[in-house]
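Following: one structure in structure tokens, then a few remarks.
The values are calculated or read from the model by the stated rules, or taken from the named source; none is laboratory data. It should be emphasised that the depicted structure is a prediction, and the values quoted were computed from it without experimental measurement. We place every Cβ from the backbone using ideal geometry, glycine too, and count neighbours over all the protein chains shown. The protein model used for the area step is the full one, side chains on, heavy atoms only, and it has no ligands, DNA or RNA in it. Shrake-Rupley method; radii C 1.70, N 1.55, O 1.52, S 1.80 Å.
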Amino acid sequence: MIRVQVPATTANLGPGFDCLGMALKLYNTVEMQQIATGLNIELHGDGANDIDRDENNIVYKAAYKVFNQVGYRPSGLKIRLNNQIPVCRGLGSSAAAIVGGIIAANILSGSKLGTKELLELANEMEGHPDNVAPALIGGIVVSASDEDGVRFIKIQPPTELKTVVAVPDFQLSTKLAREALPTQVTLQDAVFNVGRASLLVAALCQGDLSKLTYAMEDKLHQSYRANLVPGMKKVLAAARLAGAKGVVLSGAGPTLIAFADDNFELIAKVMRDTFRESGVMAKVMVLEPSPVGARALERV
Ligand code: HSE
């Protein structure tokens, strides 16, 4: 039995739409074992009742991407999933499933593929690299992709940086959240985001959290998605007042995430309370960045 641990991820970090992401210390585990015949999928934890237990399961599909690429044919497969990452909430649950399946299948089939090849497969499945890259390699990852593949650079998160996440009790599909976006934006808005995203990467590299409030502003996706998350603007404003350095929609939402170096409990409380005033029950967690990505824990 192979057991792989995969971190949650937060994508975009505000202005870095589809190209910035960070791994968080909240993990799913994927166990995989070759069996004599058939497919046996066991589910535990978040979303266990809603996740496919057949060939449509994402972990299974990801595993077969690897098996097909390396020409491996397992006689049968047992997959056991233990999920802590909330499903469809903007914390990279699908990226974790893809990366977990790919890593476990690579080990099961003799570790023939390297990180770059695994990232290409994961990106092909997910469609953008900003969750799968940090899920695979950990830390903060800057990535850009086109038909020639993914280019990426990992940054170690600043040591004093922690996040507060407020996870609403409803799901929001990435597909729906992407449909809310315009097909064209103005040059002014594009320049706004290029400046912020560049400043954000430089600030994170230097550990300068004082720039985050400005550097995490965005004009490419958040305002278009605000209607999908009741209370979003109020929660963002309240978290800033409570001391968050930067606070944004996590990935495609509906989770909101605050970056801070202090006042974590207060930020968590105001985010939860402000969501509640808008009729949304939210679970709050203080999560540290995960410097490591997906890794095999042990063979049991
Ligand atoms: N960059 C993606 C988006 C992340 O915002 O749609 C969601 O998976």
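Brief remarks follow.
- Taking packing as the residue-averaged number of other Cβ atoms within 10 angstrom, the listed peptides 264-272, 177-185 run from highest to lowest as 264-272, 177-185.
- Of the solvent-accessible surface of the stretch 162-287, computed with a 1.4 Å probe and all protein chains present, 55% belongs to carbon and sulfur.
- Extension gain (nm, one decimal) between ARG151 and ASP262, 0.36 nm per residue minus Cα-Cα: 36.6 nm
- Along its first, second and third principal axes, ordered by size, the chain spans 58, 39, 37 Å in Cα coordinates.
- For the chain, relative contact order (Cα pairs under 8 Å, six or more residues apart, normalised by length) works out to 26 percent.
- Relative contact order of the stretch 162-287, pairs being alpha-carbon contacts under 8 Å that are 6 or more residues apart, as %: 39
- Bridge type composition, the chain - antiparallel percent by DSSP, nearest 5: 85
- Radius of gyration and Dmax over the Cα atoms of the stretch 159-254, both given in Å: 14.1, 38
- Annotation: extensible slack from ILE35 through ASN227 equals 64.4 nm (criterion: 0.36 nm per residue apart, minus Cα-Cα distance).
- Sulfur and carbon atoms: percent of accessible area, the stretch 15-139 [1.4 Å]: 45
- Taking 0.36 nm per residue of sequence separation and removing the Cα-Cα distance, the SER198/LEU181 pair yields an extension gain of 3.9 nm.
- Per residue, in Å², the accessible surface of the stretch 180-300 once ligands and nucleic acids are set aside, probe 1.4 Å: 49
- Lys/Arg +1, Asp/Glu -1 at C-beta; the stretch 162-287 dipole; positive extreme among ALA244, VAL286, LEU228: LEU228
- Only helices enter this figure: runs of n ≥ 4 DSSP H residues, each worth -39500 (n - 2.57), summed and divided by the residues of the chain, yield -11000 deg cm²/dmol at 222 nm to the nearest 500.
- Mean Cβ count within 10 Å, highest first, over the residues of peptides 85-95, 162-172, 45-55: 85-95, 162-172, 45-55
- Contact order for the stretch 106-178, expressed relative to its length and based on alpha carbon pairs under 8 Å spaced 6+ residues apart, stands at 18 percent.
- Look at where the Cα atoms of the stretch 1-43 and of the stretch 95-151 average out, and the two centres are 10 Å apart.
- Out-of-range pairs (alpha-carbon distance over 29 Å; input LYS65/LYS233; LYS61/LYS234; LYS25/LYS175; LYS154/LYS219): LYS65/LYS233; LYS61/LYS234
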